[in-house]
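Throughout, read-outs are computed from the coordinates displayed, never taken from laboratory work. For clarity, every value in this text was computed on a predicted model and none was experimentally measured. Neighbour counts are summed over all protein chains in view; Cβ atoms, including those assigned to glycine, are modelled from backbone coordinates with ideal geometry.
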Amino acid sequence: MKKIALITGATSGIGQAIARRLAKEGYDLIITGRRAEKLEALAKELSAEAKVLPLVFDIRHLDEVQKNLGNLPEEWKNIDVLVNNAGLAAGLEPLQEGLIDDWERMIDTNVKGLLYVSRTILPGMIARKKGHVFNLGSIAGKETYLNGNVYCASKHAVDSLSRSMRMECLPYNVKVTQICPGAVETEFSMVRFHGDQQRADNVYKGFTPLKGEDIADLVAYCVNLPAHVCLNDIVVMPTAQANSGLFHKVL
Ligand code: NDP
Ligand code: 8X3
């Protein structure tokens with residue numbers, strides 16, 4: 001029987017690239033996101049390589065998470081790989097000027113959504129004594145940068161929760177890998193800047209950013225490691241980025 005991977009936030013960017021790559025690695029896929037048409041298109045694209053179950057829901061709502069993931073059909077229950085990828089940044093302003101709605105969306109998605117999904121999926125992995133959880137952290141979870149306030153805090157929470165999961169899953173043979181990228185060119189900046197295309201494009205000007213596929217390569221590498229080896233924590237940057245704020249840009 002093929003292995004099963006569940007990837008949250010597979011409608012674009014990093015999650016979509018991971019879904020494509022894990023299909024090539026021989027996994028059947030549960031893919032999630034709020035945009036039904038994008039999920040359906042990906043499911044169709046991958047249908048020759050993998051069985052795909054697209055599930056449309058908002059990870060901010062516990063009832064939706066439980067309804068969609070809490071009672072999966074028998075053939076989809078035994079999830080081998082969970083990729084907690086869905087997340088966002090919204091806004092880049094000083095705290096005193098921040099939009100409360102942006103804060104709620106980031107905390108509810110990046111922290112509470114990840115918790116809801118993990119709380120639903122981890123018990124099965126623990127009972128089977130088998131599984132691998134990937135959490136998409138960020139360099140923003142390792143450093144704090146100017147005006148990054150709530151996004152940085154939410155990714156610091158992911159960093160801490162990844163350590164907790166690793167300790168609490170230790171007796172049950174469940175691996176936990178946190179991946180912390182620098183700049184990856186996806187829909188991320190469009191979302192952060194509320195659809196301001198020019199501001200989003202500027203983020204990636206003058207250097208070669210990472211692509212979703214680069215992160216997918218890392219996931220593929222990790223899932224193919226021997227059973228006794230786990231990469232716990234990966235910080236990955238474009239070569240032209242030294243830390244959250246320092247880029248070598250040629251404009
Ligand atoms: P994208 O905006 O391209 O993708 C984000 C994904 O998350 C989409 O599929 C979106 O689906 C999903 N998502 C967002 N909110 C929700 C929600 N409430 N419920 C369900 N799904 C949701 O960004 P990236 O691919 O770049 O981001 C993926 C992850 O990587 C995030 O956690 C991000 O913080 C992290 N990251 C990104 C970096 C970057 O530079 N791009 C760097 C470091 C970390 P939909 O809108 O259809 O619901
Ligand atoms: C995304 C990378 O530096 O914009 O997490 O926070 S950064």
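Just give me the residues in the stretch 205-251 being of a type in the set (Phe, Trp, Tyr) and within 30 Å of CYS169 (Cα to Cα), in sequence order.
Result: TYR221, single match.
So that you can scan it fast, the table gives a plain yes or no per residue for (1) more than 27 Å from ASP63 (Cβ to Cβ); (2) within 11 Å of ligand 2 (Cβ to nearest atom); (3) buried (at least 20 other Cβ atoms within 10 Å of the Cβ):
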| position | (1), (2), (3) |
| --- | --- |
| GLU97 | yes, no, no |
| ILE100 | no, no, no |
| THR109 | no, no, yes |
| GLY131 | no, no, yes |
| ILE139 | yes, yes, yes |
| TYR151 | no, yes, yes |
| VAL158 | no, yes, yes |
| ASN173 | yes, no, no |
| THR177 | yes, no, yes |
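If we keep just the residues of the stretch 185-236 that are of a type in the set (Val, Ile, Thr) and assigned to a loop (DSSP other than H, G, I, E, B), which is surrounded by the most Cβ atoms within 10 Å (Cβ to Cβ)? Break it down into steps so the answer makes sense when it comes.
Applying the first criterion (of a type in the set (Val, Ile, Thr)) to the stretch 185-236 yields 186, 191, 203, 208, 215, 219, 223, 229, 234-236.
Okay, now just the ones that are also assigned to a loop (DSSP other than H, G, I, E, B), so 186, 208, 229.
Working: THR186: 21, THR208: 12, VAL229: 9.
Looking at residues that are of a type in the set (Val, Ile, Thr) and assigned to a loop (DSSP other than H, G, I, E, B), I get THR186.
Name the residue that is nearest to ligand 2 (Cβ to nearest atom), counting only residues in the stretch 40-76 that are closer than 20 Å to ASN110 by Cα and assigned to a helix (DSSP H, G or I).
Result: VAL65.
Please verify whether ASN135 is under 13 Å from the mean Cα position of the chain (by Cα), part of a helix (DSSP H, G or I), crowded, with 23+ Cβ neighbours inside 10 Å and within 12 Å of ligand 1 (Cβ to nearest atom), treating the condition exactly as stated.
no
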